[in-house]
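The values are calculated or read from the model by the stated rules, or taken from the named source; none is laboratory data. Computed from a prediction, not measured in an experiment: that's the story for all the values here. Using ideal geometry, Cβ is built from the backbone for each residue, glycine included, and neighbour counts are taken over all protein chains shown.
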Amino acid sequence: MNNKIKLAVAGAVLASASVANAGITWDAGEWTVDMNGNVNAFAIVADNNDAAQAQGALTNVTSNDDTAASINTGLLPSWLGFTATTRQNDIDTSVTISFQPGASVTGALAGGGGAEQRQAFLTFGDKSWGSIKVGKDLGIFGSTAILNDMTLLGVGSQGVVGSSGGTTTTLGRIGTGYIYADWNGQIAYTTPNMNGFSATLGVMQPWNVTASGGLSGASAGNTDEFGFQGQASYSWTGDFAGKVWAGFFSQEVTGQNNGAATPAAAASTSDTADAYEAGISATVANINLVAYGYSGDGVGTTGLLRDGYDTTGQSRDSDGYYVQATYVIPMGTKLGVSYGESKLDLASGEAANNLVETNEMLTVGAYHPLTKHLNLVAEYSKVESESHTSVDAESDIFSVGAILFF
């Protein structure tokens, strides 16, 4: 399964469908080219039950008892990826580039939707000493959490951008159980597989501190050092198969104090944002169980470094978890239920405000492999958000659609 699009592979596993182990492949001289990806879309109806919400809430609220409908992709975007591999001088090398077209827009003359380019990286290595990745790909911290999320094949939460379509993807369980791994420029080393144990350590493109609405933190906190991420895992097979993993994120941020008396004072502010995670996925017979948790300081919630600091540059603690159980019935349909929440504390000395305190979501879903490539999906998710001033909001999200891997 070398050099596969990670999310497509994970989606195939989560669907319990017998998706092929490779996409469309052909030989081109010394290279083997693999074209692979997916297309998906969902009919989504969201019932939003409150007129106000917290800053950073993952509910979609516009007015009391407001209902919104959309046709959109789910958490996994539609995807077209190309990977070319070869072995020269006893070194395995590859290059991967992918494209993610949007599903829809909310107005005319917009070309049908936007697009993203999430991957552009090369790898080289050998099974005897490991491999090195250079370029843009899925981040390391939080990656295994999202790849085990059953809503990867569905919709989950629609996120902070509203519930009327026009987005490239929904959020799934991002921000209601884990922080998004996102797509990072990186130079990363992965060890060889040592009887089930492997580890990855990456030097990452540093990111700015961001805040939604500008009310709860600096709009941009620059950094002058690389970020670092890593993850170690151990996998085993047998009648009781599974995987355990642990990871970390660390990055220095500077200038995050936008309440300083002078620009020089703001620029001199410095802190280290860091987070840690651990999880387990275990399968016995037709049952799979997943448990995951994280804790951080300055990393914020939903997205890395989002709302991680207040206006004086003080860091906020955050943590979250999700638990999930799925069962494959004899006809092949996977039935699943999952629950998770993400919490964001106020900084030391920060007065209570409309910053989100908790985002939580309960999801039940059915994922049916109509063919070995095509899956039909139905989900219901209940998303609830609460602020530090007890502003509550909730959304009930119903979705049905299809996703096809190739």
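A few notes on this one:
- Residue within segment 304-326 that is small (Gly, Ala, Ser), touching a Phe, Trp or Tyr at 6+ places or on another chain (Cβ under 8 Å) and assigned to a loop (DSSP other than H, G, I, E, B) present: no
- Considering (1) in contact with a strand residue (DSSP E or B) (Cβ under 8 Å, 6 or more places away or on another chain); (2) in a loop (DSSP other than H, G, I, E, B); (3) over 22 Å from Tyr178 (Cβ atoms), the lone condition that Leu346 does not fulfil carries the number (3).
- Subset of segment 6-46 [modelled with pLDDT of 85 or more and either among the charged types (D, E, K, R) or in contact with a Lys or Arg (Cβ under 6 Å, 6 or more places away or on another chain) (or both)]: Asp27, Glu30, Asp34
- Qualifying residue in segment 143-166 (condition: of a type outside the set (Gly, Ala, Ser), more than 28 Å from Ser342 (Cβ to Cβ) and surrounded by fewer than 24 Cβ atoms within 10 Å (Cβ to Cβ)): no
- Those residues of segment 342-364 which are surrounded by fewer than 20 Cβ atoms within 10 Å (Cβ to Cβ) and farther than 16 Å from Arg306 by Cα, in sequence order: Ser348, Gly349, Glu350, Ala351, Ala352, Asn353, Leu362, Val364
- Residue ID - nearest to Ser157 (Cα to Cα), chosen from residues in segment 348-369 that are modelled with pLDDT of 95 or more and aliphatic (A, V, I, L, M): Met361
- Candidate set from segment 50-75 (those that are part of a loop (DSSP other than H, G, I, E, B) and modelled with pLDDT of 75 or more); member that is surrounded by the fewest Cβ atoms within 10 Å (Cβ to Cβ): Leu75
- No other residue among Gly320, Gly242, Gly332 is of a type in the set (Gly, Ala, Ser) and crowded, with 18+ Cβ neighbours inside 10 Å apart from Gly320.
- Among the residues listed as Gly114, Gly102, Gly130, Gly107, the single one being of a type outside the set (A, V, I, L, M) and over 20 Å from Thr73 (Cβ atoms): Gly130
- Within segment 358-387, residues that are closer than 12 Å to Gly74 by Cβ reach partners that are among the basic types (Lys, Arg) and surrounded by 17 or more Cβ atoms within 10 Å (Cβ to Cβ) with beta carbons closer than 7 Å, at six or more positions or on different chains, in the pairs Tyr367/Lys334.
- Residue match in segment 296-311 (condition: more than 20 Å from Leu344 (Cα to Cα) and modelled with pLDDT under 90): no
- Of all residues in segment 353-389, those satisfying the criterion of being under 20 Å from Asp319 (Cβ atoms) and outside any strand (DSSP E or B) are Asn353, His388.
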